[in-house]
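Inspection log for the structure reproduced underneath, given as structure tokens.
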Amino acid sequence: MLSYVVAGLALGAIYAIAAASLVVTHVSSGVFNFAFGAMAFAVARFYYFLHIEQGWPLPLAAVVAIGLFGPALGVLLYAVLFRHLRQRSPLVKIAATIGLSVALPPLVNLALGQLVNVTAPGLAPQPVAVYRPFGTVVDANQLITYAGLALVLLVGTALLRFTDTGLRVRALVDSPALTAMSGVSPARVSLGVWAFSALLAGLAGVLVAPTAGLSVEGMTFLMAAAFAAVVAARLRSLPTAVGVALAMGVVTSVIQRYLDPESALSAQIVPSVPFLFMLAFLLAHALRGRAGDAPTGGVLDRAIRTESGTAPTATTGSGYVAPLLTIAVVACLPLILDDFWTGLVATGIALATALLSCTLVTGEGGMIWLCQITFAGLGALFAADLATNSGWPPLAAVLVSAVCVVPVGVVLGLLTIRLGNLYVALVTLTFGLLAQNLIFMRDRFYNSGQGIYMPRPEWALDNRTFAFLSLAVFCALGVFAVNLRRSTAGLAVTAVRWSETGSRTLGLGVVPVKVLVSAVATFVAAVGGGFLALAYQSALPDSFSPFTGLVWLAVLVTVGARPVVGALVAGLAFAVLPSVFQTYLPTRWAEVPVIMFGFGAVMLARDPEGVLAMHARQLRTVSGWLRTRRTPAADKPSAPTPQGELV
């Protein structure tokens, strides 16, 4: 038992370092860093490059990678992104940091090369020394992990409580406005906080690499597991976060003593422990009424802050012309492309249907749900199971499966809507990860990675016919979404998205309105998942990972989360662009589209409406300028008098 506890404390110490970084940055800047795992991967990959690939001595490589490159990365990301997020809405903060988490790892791989073997050394010299105190086994990497956590806690506590730097950080947490009035630059303090956070991210990444592997998935799992400790601390209490992280590591390790390591149950339960912790604490906070997006800063900060929520806007584009033209162009693609590219277009259209659910829940409902890909996966797996094992017609199986998934979305909505945007994002990500481990990985669905065979309708076996079928379904659901937006219920949804407080004063029920959006979005996501299974002709659980869903969201918000046609453009871009780069450019450039999608989401910090809205404004400006040039001077309207100005 002692051996399991010791190993669990080492794992918990890594979680604690990650949780400490997340808590510090959140309380000091109001930004919950979903890119923590990507930053950890970047530093750990650079350490591997220096120590293994370039042959640098271990101490020198560790100091340069963790002590210099890590803080430099934090400073760079603060200058490029984080400093622009403090005054942004929670939706923009979450989407922009998710975009960074999508773009940074492939950018690092592009610069340093893609690793084939993800086995990585830690900070202990090779071969790793092993000690046997009290009859248990402890290796040097575990001892370094304990020492790393102790050093972080001691140094961090000393800096925050007994130095001028700590006083400035605490002042920044309480009120940036008063901090600036006292002659201290909040920007410089924030810069130091983000540099220190990147150092901790790098330390956690290097420490976890020997066990989790030097991979994006391993680092992202580290980040997601650390979320549980942060949620337990209600995003603020550092001692609570560290204590829960250590307990979580011990439970994860000890539970393996009672499970058969060769069983499928063990492979499903062990990775789910951190997310079960998170779910338990989220439910506890919700039942006590203690969840929600806590206001940052003092009264003065909230009084002078300019909110940057998503205001109701007109439909992007010039009426129906631009959407209809886009659909017409897409409809022509299967007629002029060969079978390979037509298959990719068909897949992109099917994906667009799934992304339309994100348009509904995020663009219309104003909520960040990170489990839409999970609903799509449930729809795909259930439909394939009905079609293959029960002999249902494929389209009927897709429709019935989507209806069956809707109650899951409704229940999840009822549990999360009152929690606040950040907690909703964390709950939905947790739900997606639990579903991935406990449902998608079951032998009935996973089938050694091959998934379940999903036949197409007999009259739509070829890619061209299936592409037109997928486009027809997308258009039907798109028309429904547009009509919903223009209906009385849609106006209520817009009002709730713009101001929940104002909606309540008008007598609108916030919860029923958002539950309605949740139900519709869940149905659309499940239909999209079913059509993706038809496109692949197999329901592949690995295709519906929540981490892939982050890329989906990044693509959509880059194009624009509100326009219905934006989902179509985003789906095609996600499905087609990588193959374009792989076919016509060198192999090492294959991940450039993912980098583009991620940085497009990062640009939400400057332009929250997305690329389509930005180009629409530019076109309107150019069109207005051309009309002005064509209008004779005598016909130009005179300038309004001051009395005629609108206020």
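The values are calculated or read from the model by the stated rules, or taken from the named source; none is laboratory data. Bear in mind that the values here come from a model prediction, so they are computed numbers and not experimental data. Heads up, the Cβs are rebuilt from the backbone with ideal geometry, glycines too, and the neighbour counts pull from every protein chain shown.
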Ser499 being under 30 Å from Glu458 (Cβ atoms) and either surrounded by fewer than 24 Cβ atoms within 10 Å (Cβ to Cβ) or of a type outside the set (Ser, Thr, Tyr) (or both): no
Conditions first: (1) surrounded by fewer than 12 Cβ atoms within 10 Å (Cβ to Cβ); (2) at pLDDT below 80. Val169 passes all but one, so which condition is the exception? (1)
A careful count of residues in region 21-68 that are in a helix (DSSP H, G or I), aliphatic (A, V, I, L, M) and within 16 Å of Arg86 (Cα to Cα) gives 4
Among the residues of region 561-592, how many are under 26 Å from Arg88 (Cα atoms) and within 18 Å of the chain's Cα centre (by Cα)? 4
In the set Ala95, Ala111, Ala120, Ala79, the lone residue that is surrounded by 20 or more Cβ atoms within 10 Å (Cβ to Cβ), in a helix (DSSP H, G or I) and either touching a strand residue (DSSP E or B) at 6+ places or on another chain (Cβ under 6 Å) or not β-branched (Val, Ile, Thr) (or both) is Ala95
Can you name the condition, by its number, that Leu154 falls short on among (1) buried (at least 19 other Cβ atoms within 10 Å of the Cβ); (2) farther than 23 Å from Ala44 by Cα; (3) at pLDDT 80 or above? (1)
